[in-house]
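Structure record follows, encoded as structure tokens.
The values are calculated or read from the model by the stated rules, or taken from the named source; none is laboratory data. Just so you know, these numbers come straight off a predicted model, no measurement behind them. We place every Cβ from the backbone using ideal geometry, glycine too, and count neighbours over all the protein chains shown.
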Amino acid sequence: MNPTRLRPAAFATAAAALLLALAGCSSTASPAASPVATSTASAGVCSGITVIVDPGELKVPASAKKTTCVPATSTMTAAEALKAAKVATVGTKQYGDQVVCRVNGVPSADLDIPGKDGSVYHEACEGMPAAFAYWALWLKPAAGEWAYAQEGAATQKVAPGESIELLFSLNGKPAGPTT
């Protein structure tokens with residue numbers, strides 16, 4: 001087995017396992033009132049929390065990529081920001097909402113997801129998604145660089161001026177957010 005081909009898959013699996021473990025400790029309590037997503041950006045700058053959905057290299061309509069500015073004057077969880085941005089996530093049978101399987105219906109159960117080896121995968125949302133085809137939660141501080149979230153969406157806190165992105169990684173690409 002080629003060790004260089006194993007590393008990205010092992011990293012992705014480890015990252016997914018870490019997110020799952022951290023998310024499992026989360027609370028599912030919701031706030032008394034949810035903010036409503038609107039376009040509060042002026043000159044391209046969001047005064048609230050920027051929420052991005054990027055299906056990466058999946059062969060889906062361009063409309064699957066979405067950027068929304070969620071009004072916020074205080075910290076909220078990533079799950080609250082996603083809800084306010086009208087981003088619908090689906091979990092898996094085995095792990096529930098602790099693992100993101102679909103975002104706004106992507107990938108659909110009948111979408112052919114190509115593996116590097118030429119195989120075709122279909123996401124059934126039964127257990128952990130394939131290590132080569134999964135949604136990852138990324139965070140960007142107001143004055144910083146993108147990094148993998150260290151917690152699940154239910155507990156990961158985000159503040160006004162920060163950004164979150166659900167990015168679909170396919171065969172290790174993209175390596176991270178480009179926005």
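Would you call ALA85 surrounded by 13 or more Cβ atoms within 10 Å (Cβ to Cβ), under 26 Å from VAL45 (Cβ atoms) and in contact with a helix residue (DSSP H, G or I) (Cβ under 8 Å, 6 or more places away or on another chain)? Walk me through it before giving the result.
Values: surrounded by 13 or more Cβ atoms within 10 Å (Cβ to Cβ): yes; under 26 Å from VAL45 (Cβ atoms): yes; in contact with a helix residue (DSSP H, G or I) (Cβ under 8 Å, 6 or more places away or on another chain): no.
No, not satisfied.
Among what's in region 88-108 and is closer than 21 Å to GLN150 by Cβ and in contact with a strand residue (DSSP E or B) (Cβ under 8 Å, 6 or more places away or on another chain), pick the residue that is surrounded by the fewest Cβ atoms within 10 Å (Cβ to Cβ). The selected residue is ASP97.
Scanning region 82-96 for residues that are over 12 Å from the mean Cα position of the chain (by Cα) and not in a strand (DSSP E or B) turns up LYS83, ALA84, ALA85, LYS86, LYS93, GLN94, TYR95.
Take the residues in region 96-132 that are among the acidic types (Asp, Glu) and touching a Ser or Thr at 6+ places or on another chain (Cβ under 9 Å), then tell me which one is nearest to LEU166 (Cα to Cα). So the residue we want is ASP97. Among the residues of region 48-64, the ones that are out of contact with any Lys or Arg (no Cβ under 9 Å at 6 or more places or on another chain) and surrounded by 15 or more Cβ atoms within 10 Å (Cβ to Cβ) come to 5 in all. Residues that are of a type in the set (Gly, Ala, Ser) and closer than 22 Å to GLU151 by Cα within region 55-84 comprise GLY56, ALA72, SER74, ALA78, ALA79, ALA81, ALA84, listed in sequence order. Return yes when LEU170 is closer than 18 Å to ILE49 by Cβ, at pLDDT 95 or above, aliphatic (A, V, I, L, M) and surrounded by 20 or more Cβ atoms within 10 Å (Cβ to Cβ) and no when it is not. Here the answer is no, as LEU170 does not meet what is asked. Taking region 109-126 as the range and being loosely packed, with under 12 Cβ neighbours inside 10 Å and either under 28 Å from SER47 (Cα atoms) or among the small types (Gly, Ala, Ser) (or both) as the test, the residues that pass are ALA109, GLY118, SER119, ALA124. The sole residue among THR77, THR73 that is exposed (fewer than 14 other Cβ atoms within 10 Å of the Cβ), out of contact with any helix residue (DSSP H, G or I) (no Cβ under 8 Å at 6 or more places or on another chain) and at pLDDT 95 or above is THR73. Residue by residue through region 72-108, note down the ones that are farther than 13 Å from TYR134 by Cα and basic (Lys, Arg). Passing the criteria: LYS83, LYS86, LYS93. Of all residues in region 113-135, those that are without any contact (Cβ under 8 Å) to a residue 12 or more places away in the chain have Cβ atoms under 8 Å from Cβ atoms of residues that are part of a strand (DSSP E or B), 6 or more apart or on another chain, in VAL120/ILE113; VAL120/PRO114. Scanning region 102-147 for residues being among the small types (Gly, Ala, Ser), closer than 14 Å to SER169 by Cα and part of a loop (DSSP other than H, G, I, E, B) gives a total of 3. Output the qualifying pairs, or none if there are none: Cβ atoms under 6 angstrom, residues six or more apart or on different chains, first residue in region 157-169 and among the acidic types (Asp, Glu), second residue not in a strand (DSSP E or B). Hits for this filter: GLU162/PRO141; GLU162/ALA142; GLU165/PRO177.
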